[in-house]
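> Got a structure for you, questions after.
The values are calculated or read from the model by the stated rules, or taken from the named source; none is laboratory data. Only a predicted model underlies this, so the values are computations on that prediction, with no experimental measurement involved. Don't worry about glycine lacking a Cβ; one is built from the backbone with ideal geometry, like all the others, and counts go over all protein chains shown.
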Amino acid sequence: MAKKQIALRGRTYPTDLNHAGTVFGGWIMGKMDKAASIAVEDIVKSRAVTVSVTNLNFLKPVQNGDIFTIYTEIIKIGNSSIKIHVSVMVRCKESHEEYEVTDAIFTFVTVDQERIPINVRDVIREDISEDIEILLKP
């Protein structure tokens with residue numbers, strides 16, 4: 001497994017909220033997908049597309065004004081796929097303690113210009129970290 005990285009940070013606003021006054025699940029899932037795509041782009045030079053999201057867990061609600069930080073960890077690199085664990089943390093306004101609100105596993109597949117799957121190892125960046133190199137070994 002690769003090191004946990006900060007991929008995205010932001011604040012929630014009233015337009016991000018549902019009728020119950022908390023963040024829409026789809027809104028936060030979209031942010032998680034963007035964060036995962038940034039992690040994938042750090043590894044490969046080609047296009048990569050989201051093919052699945054599994055184990056999506058909404059643990060606690062996200063409120064208006066919350067500061068969120070999305071962390072990513074590359075957990076597996078296959079022939080054409082990359083699996084990323086994505087977790088969303090929120091910092092409490094009063095105590096500044098961070099707590100997890102959502103997590104999931106996102107799977108991306110590397111593709112060529114015609115959107116046909118290609119081997120990850122054929123499009124790997126030259127400057128990847130050692131922990132990613134370890135995941136590339138058979």
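> Quick one: which of LYS60, LYS83, LYS45 is of a type in the set (Lys, Arg) and crowded, with 18+ Cβ neighbours inside 10 Å?
The match here is LYS83.
> Hey, another quick one. Output the qualifying pairs, or none if there are none: Cβ atoms under 6 angstrom, residues six or more apart or on different chains, first residue in the stretch 96-107 and closer than 13 Å to VAL62 by Cβ, second residue hydrophobic (A, V, I, L, M, F, W, C) and in a strand (DSSP E or B).
Correct list of pairs: GLU98/MET89; GLU100/MET89; VAL101/VAL88; VAL101/VAL90; THR102/PHE58; THR102/VAL88.
> Pairs needed: first member in the stretch 68-79, among the charged types (D, E, K, R); second member anywhere, part of a strand (DSSP E or B) and crowded, with 20+ Cβ neighbours inside 10 Å; C-beta distance under 6 Å; at least 6 residues apart or different chains.
Going by the 6 Å Cβ cut-off, the qualifying pairs are GLU73/HIS85.
> If only one of ALA2, ALA36, ALA7, ALA48 is outside any strand (DSSP E or B), in contact (Cβ under 8 Å) with a residue 12 or more places away in the chain and out of contact with any Leu (no Cβ under 7 Å at 6 or more places or on another chain), which one is it?
From the options ALA2, ALA36, ALA7, ALA48, the qualifying one is ALA36.
> Give the residue, chosen from LYS31, LYS93, LYS137, that is at negative phi, at pLDDT 95 or above and basic (Lys, Arg).
Result of the check over LYS31, LYS93, LYS137: LYS31.
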